[in-house]
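Notes follow once the structure below has been shown.
The values are calculated or read from the model by the stated rules, or taken from the named source; none is laboratory data. As the structure is a prediction and not an experimental result, all values here were calculated from the model. With ideal geometry, Cβ positions are generated from the backbone for all residues, glycine too; neighbour counts draw on all protein chains shown. Each accessible area value is taken on the protein alone, full model and side chains, heavy atoms only, with ligands, DNA and RNA left out. Shrake-Rupley method; radii C 1.70, N 1.55, O 1.52, S 1.80 Å.
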Amino acid sequence: MSGGPFLRRTLGAIADGFVTSPVFRWTWSAPGRGNVKHKLLEIRPADAYNVADMMIGQYLLAQRLVDTGGTTPFAVDYASDEWFDELHSFSWLRHFSAVQDEGSKRFAGTLAMDWVSRYGRFSKKVWENKLTALRILNWVKHFDQLCFGLNDGRRAVVELSLAEQVKSLRVRINFEADPACRLLMRLALLGAAVALQYSKEEVSQLLERTLLSLERQIDAQGLHRSRNGEMQFLLLLEMIPVRHAVTPVLPDASKVFATVLDKMHHSLALLMHSTGELSFFNNARSVPHEMLLAVQSRANNNLEIDQGEQIGGYGALLGAESKLIVDGGAELGDDFRQGLFAGGASFEYSFRNDLIVSNCGPGPTALGADADLFLLPASHSSLEIDYRGAFPFKSNTLLQQHMRANRTAMPKIDLREMRVDIVNKGFEVLTGLTHERSLNILAQDGDALLGQDIIRCDMSHKNAPDQFLLRFHLGSGVEATLNEGSNQIELKLRSGAIWAFIWEGAGALIERSVRYSAHKGLEPIQQIVLSGNVVAHSEVVWTFMPRT
């Protein structure tokens with residue numbers, strides 16, 4: 001870990017601890033209340049049935065259903081961290097815009113007052129910066145729903161809490177070490193400034209700072225430097241309403257905002273499969289399809305990518321009806337290293353409405369320290385190494401070295417050959433092994449995917465591995481069956497289509513695996529593992545092909 005980001009995080013945490021201490025926190029008292037005069041746009045779909053479920057104590061948040069037994073959800077202490085975050089972000093507030101009867105509408109005010117009575121003043125966990133930024137944005141989008149049925153006194157209490165949350169972001173933003181969180185805080189402050197009708201000069205100053213953050217965090221092609229597709233989605237989800245609100249106030253400056261948005265929409269499209277789902281690279285979790293559609297439907301430009309594109313360390317290649325996405329493992333800045341995975345030379349492949357090859361995604365926080373296993377090469381459709389005896393180094397050493405060695409790796413696309421090439425040097429320093437991968441889409445053969453893996457090793461290296469393993473984690477619902485007689489693996493896709501996997505240069509097994517699912521948590525899937533003894537030079541060729 002480099003000294004710069006680590007030092008900034010350490011000093012930032014110390015400073016944040018001071019400004020959030022009771023000694024300093026009294027200065028947060030806002031001079032006025034958070035009187036929302038202009039609502040922000042909501043682009044997510046709303047569903048009145050969700051409100052009906054909430055009123056009987058059933059809260060479906062972060063794709064997890066928690067039954068509170070009719071008691072307040074804010075007293076629940078047994079749900080997942082993801083469920084907790086969505087509850088306290090108030091993302092569910094939008095559903096109250098779809099209800100008609102007054103009883104249901106008043107329930108939002110009941111929940112608001114319950115939250116304010118418990119957490120209206122600073123709470124370290126509930127007032128965490130990212131959570132507070134999202135809560136402010138959701139409140140100013142739906143403040144009328146939040147306060148429906150409240151008398152003037154109770155509404156004033158909610159307004160005061162909003163003002164103090166805005167003040168907390170203003171005080172803490174310079175101590176936040178996570179760039180993406182800092183950008184969300186900028187968006188929340190800008191959105192609140194428009195909603196609370198700050199002066200034009202104040203809004204202009206906040207917009208200028210937001211644009212500066214975007215310049216630092218979004219690369220020239222529109223990809224957030226975290227390289228996390230889910231973060232790209234979340235930023236777009238909040239940037240669209242804020243940009244919509246700012247445009248009437250500062251139309252000229254907002255044009256720069258709109259240009260960045262267009263590029264970001266395009267980069268998000270590159271990371272989406274032919275199935276419409278988001279690819280699983282670098283800590284990205286699954287995002288509901290209707291939410292992705294809600295965001296991408298707001299794009300002003302054409303979302304279709306070229307036949308082959310390289311953006312921010314990713315390469316994407318389009319077949320007639322398929323899409324290949326490859327991760328080189330690149331790093332786009334020291335401050336954005338923390339969320340990266342050791343997925344160099346990993347890929348995902350989709351055909352029509354079927355995801356055929358995937359990665360495992362992030363490990364749920366409920367796994368504790370074991371969630372870090374999902375950072376390693378083994379949880380990606382790429383190369384792994386093994387030893388007959390004990391592993392000669394710790395997994396954390398492998399993780400750091402793997403990412404360091406691939407920090408400048410970029411996939412190379414040959415459109416004439418419909419091929420993506422990538423070199424994976426993640427194991428070279430520790431073991432003397434290098435990995436070259438070529439992936440071809442054969443459109444003339446029904447979008448079959450042809451792969452070639454060349455593995456070279458300096459056998460004199462003291463940690464030269466004994467075995468190589470090429471892992472192919474299969475998509476959800478794909479059933480693999482080994483046919484030893486024909487030396488191939490039959491794949492029945494979720495749609496019912498039949499594909500085959502053939503190979504040479506290695507042995508093959510079908511093993512169990514898991515994939516993160518927003519709906520099911522860790523979902524059991526299968527994986528194909530090609531393995532062999534490590535020698536000075538090995539070549540493995542394989543093909544995923546449709547059966548007619």
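What do you reckon, is Ala46 in contact with a Ser or Thr (Cβ under 8 Å, 6 or more places away or on another chain), assigned to a loop (DSSP other than H, G, I, E, B), modelled with pLDDT of 90 or more and of a type in the set (A, V, I, L, M)?
Spelling it out, Ala46 is indeed in contact with a Ser or Thr (Cβ under 8 Å, 6 or more places away or on another chain), assigned to a loop (DSSP other than H, G, I, E, B), modelled with pLDDT of 90 or more and of a type in the set (A, V, I, L, M).
Under 9 Å between Cβ atoms, which residue pairs at least 6 apart in sequence (or on different chains) link something in region 221-247 that is closer than 21 Å to Val203 by Cβ with a partner that is of a type in the set (Lys, Arg) and open to solvent by less than 10 Å² (accessible area, probe 1.4 Å)?
Close Cβ pairs (under 9 Å, with a partner that is of a type in the set (Lys, Arg) and open to solvent by less than 10 Å² (accessible area, probe 1.4 Å)) amount to Pro241/Lys141.
Looking only at region 124-138, decide whether some residue is of a type in the set (Phe, Trp, Tyr), open to solvent by less than 10 Å² (accessible area, probe 1.4 Å) and outside any helix (DSSP H, G or I).
yes
Which of the residues that make up region 86-102 are within 16 Å of Met55 (Cβ to Cβ) and either in a loop (DSSP other than H, G, I, E, B) or out of contact with any helix residue (DSSP H, G or I) (no Cβ under 8 Å at 6 or more places or on another chain) (or both)?
Result: Val99, Gln100, Asp101, Glu102.
Counting only residues that are in a loop (DSSP other than H, G, I, E, B) and either open to solvent by 70 Å² or more (accessible area, probe 1.4 Å) or of a type in the set (Phe, Trp, Tyr) (or both), which one in region 179-225 is nearest to Val36 (Cα to Cα)?
My answer is Gln197.
Identify all residues within region 356-379 that are open to solvent by 10 Å² or more (accessible area, probe 1.4 Å), under 28 Å from Ala464 (Cβ atoms) and not in a helix (DSSP H, G or I); write none if there are none.
Leu376
Within region 324-343, can you find the residues that are within 24 Å of Ser274 (Cβ to Cβ) and touching a helix residue (DSSP H, G or I) at 6+ places or on another chain (Cβ under 9 Å)?
Ile325, Gly329, Phe341, Gly343
Quick check on region 311-332. Is at least one of its residues open to solvent by 10 Å² or more (accessible area, probe 1.4 Å), in contact (Cβ under 8 Å) with a residue 40 or more places away in the chain, touching a Lys or Arg at 6+ places or on another chain (Cβ under 6 Å) and farther than 29 Å from Pro546 by Cβ?
Within region 311-332, one or more residues are open to solvent by 10 Å² or more (accessible area, probe 1.4 Å), in contact (Cβ under 8 Å) with a residue 40 or more places away in the chain, touching a Lys or Arg at 6+ places or on another chain (Cβ under 6 Å) and farther than 29 Å from Pro546 by Cβ.
Mind listing whichever residues of region 232-250 are over 13 Å from Val295 (Cα atoms) and open to solvent by 20 Å² or more (accessible area, probe 1.4 Å)?
Residues satisfying the conditions are Arg243, His244, Thr247, Pro248, Val249, Leu250.
Applying the selection to region 434-457, what residues are of a type in the set (A, V, I, L, M, F, W, C), over 17 Å from Arg471 (Cα atoms) and in a strand (DSSP E or B)?
Residues satisfying the conditions are Ile441, Leu442, Ala448, Cys457.
Per-residue answers, yes or no, for (1) farther than 30 Å from Lys263 by Cβ; (2) in contact (Cβ under 8 Å) with a residue 60 or more places away in the chain; (3) of a type outside the set (Asp, Glu):
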{"position": "Asp152", "(1), (2), (3)": "yes, no, no"}
{"position": "Leu160", "(1), (2), (3)": "yes, yes, yes"}
{"position": "Glu201", "(1), (2), (3)": "no, no, no"}
{"position": "Gln205", "(1), (2), (3)": "no, no, yes"}
{"position": "Arg209", "(1), (2), (3)": "no, no, yes"}
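Step by step: first the residues of region 380-400, then only those that are within 18 Å of Phe347 (Cβ to Cβ) and open to solvent by less than 20 Å² (accessible area, probe 1.4 Å), then the one that is nearest to the chain's Cα centre (by Cα). Which residue is that?
Restricting to residues being within 18 Å of Phe347 (Cβ to Cβ) and open to solvent by less than 20 Å² (accessible area, probe 1.4 Å), the top hit is His380.
If I ask for residues that are closer than 21 Å to Pro362 by Cβ and of a type in the set (Asp, Glu), which ones from region 207-237 would you list?
Listed by number, the list holds a single entry, Glu230.
Considering only residues that are out of contact with any Asp or Glu (no Cβ under 7 Å at 6 or more places or on another chain) and of a type in the set (A, V, I, L, M, F, W, C), look in region 308-328 and name the one that is nearest to Thr408 (Cα to Cα).
Taking the candidates together, the pick is Ile311.
How about region 304-353: which of its residues are under 17 Å from Ser438 (Cβ atoms), aromatic (Phe, Trp, Tyr) and within 16 Å of the chain's Cα centre (by Cα)?
Once the filter is applied, which keeps residues that are under 17 Å from Ser438 (Cβ atoms), aromatic (Phe, Trp, Tyr) and within 16 Å of the chain's Cα centre (by Cα), region 304-353 yields only Tyr314.
Which of the residues spanning region 469-490 are among the aliphatic types (A, V, I, L, M) and in a strand (DSSP E or B)?
Matches in region 469-490: Leu469, Leu470, Leu474, Ala480, Leu482, Ile489.
Is it fair to say Ala253 is open to solvent by 30 Å² or more (accessible area, probe 1.4 Å), in contact with a helix residue (DSSP H, G or I) (Cβ under 8 Å, 6 or more places away or on another chain) and among the hydrophobic types (A, V, I, L, M, F, W, C)?
It is true that Ala253 is open to solvent by 30 Å² or more (accessible area, probe 1.4 Å), in contact with a helix residue (DSSP H, G or I) (Cβ under 8 Å, 6 or more places away or on another chain) and among the hydrophobic types (A, V, I, L, M, F, W, C).
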